[in-house]
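One structure is given here, and the rest of the page talks about it.
The values are calculated or read from the model by the stated rules, or taken from the named source; none is laboratory data. Owing to the predicted nature of the structure, the values given are computational and were not obtained by experimental measurement. Neighbour counts are summed over all protein chains in view; Cβ atoms, including those assigned to glycine, are modelled from backbone coordinates with ideal geometry. These accessible areas exclude ligands, DNA and RNA; they are computed on the full protein's heavy atoms, side chains included. Shrake-Rupley method; radii C 1.70, N 1.55, O 1.52, S 1.80 Å.
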Amino acid sequence: MAEVQASTVEINDAIFCTHLKEVCNECSYDGREENDGFYGFDAAPRDPIEPPAVTTNKDGVYQCKKHGSAECNQCFGWKKQITRARTAAKKAGRK
């Protein structure tokens, strides 16, 4: 049986499934390796990052709901979130 590729969306350079999850059981998507690689990390077990509440602008680009910005570093600080998740995974003993 052929593997079905989950549909994805990009939110300020990070990739999520259409359910806005980095890891989604509903569509069998796991974007952690892709997001880690984009930000210069080797793939490692960690909890998924989660986008804040988002909306789309008239061009269909996702933006944070709080500030109305598609490039909001405060809400879309993916590298910082990934770093924190990787540190927490190391402390928890995941390798």
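Within segment 61-72, the residues that satisfy the criterion of being part of a loop (DSSP other than H, G, I, E, B) and open to solvent by less than 90 Å² (accessible area, probe 1.4 Å) are Val61, His67, Gly68, Ser69, Ala70, Cys72. Each residue in segment 73-83 was checked for being open to solvent by 80 Å² or more (accessible area, probe 1.4 Å) and either outside any helix (DSSP H, G or I) or in contact with a Lys or Arg (Cβ under 9 Å, 6 or more places away or on another chain) (or both), and 2 pass. Residues that are assigned to a strand (DSSP E or B) and of a type in the set (Gly, Ala, Ser) within segment 24-60 are absent altogether.
Of the numbered criteria (1) modelled with pLDDT under 95; (2) of a type in the set (A, V, I, L, M, F, W, C); (3) exposed (fewer than 11 other Cβ atoms within 10 Å of the Cβ); (4) within 16 Å of Gln81 (Cβ to Cβ), the one Ala53 fails is (1). Take the conditions (1) of a type in the set (D, E, K, R); (2) surrounded by fewer than 13 Cβ atoms within 10 Å (Cβ to Cβ); (3) in contact (Cβ under 8 Å) with a residue 12 or more places away in the chain; (4) part of a loop (DSSP other than H, G, I, E, B); Lys21 misses just one of them, which is (2).
Of all residues in segment 26-62, those satisfying the criterion of being more than 14 Å from the chain's Cα centre (by Cα) and polar (S, T, N, Q) are Ser28, Thr55, Thr56, Asn57. On the basis of being surrounded by 18 or more Cβ atoms within 10 Å (Cβ to Cβ) and outside any loop (DSSP other than H, G, I, E, B), does Ala89 make the cut? Here the answer is no, as Ala89 does not meet what is asked. A count restricted to segment 26-49 and to residues that are of a type in the set (D, E, K, R) and surrounded by fewer than 12 Cβ atoms within 10 Å (Cβ to Cβ) stands at 2.
Of all the residues that make up segment 5-18, how many are exposed (fewer than 13 other Cβ atoms within 10 Å of the Cβ) and either among the aliphatic types (A, V, I, L, M) or touching a residue at least 24 places away in the same chain (Cβ under 8 Å) (or both)? So that I can check it myself, show each step before the final result.
Taking segment 5-18 first, the residues exposed (fewer than 13 other Cβ atoms within 10 Å of the Cβ) are 5, 7, 10, 13.
Filter once more, keeping what is either among the aliphatic types (A, V, I, L, M) or touching a residue at least 24 places away in the same chain (Cβ under 8 Å) (or both): 10, 13.
Total meeting the criteria: 2.
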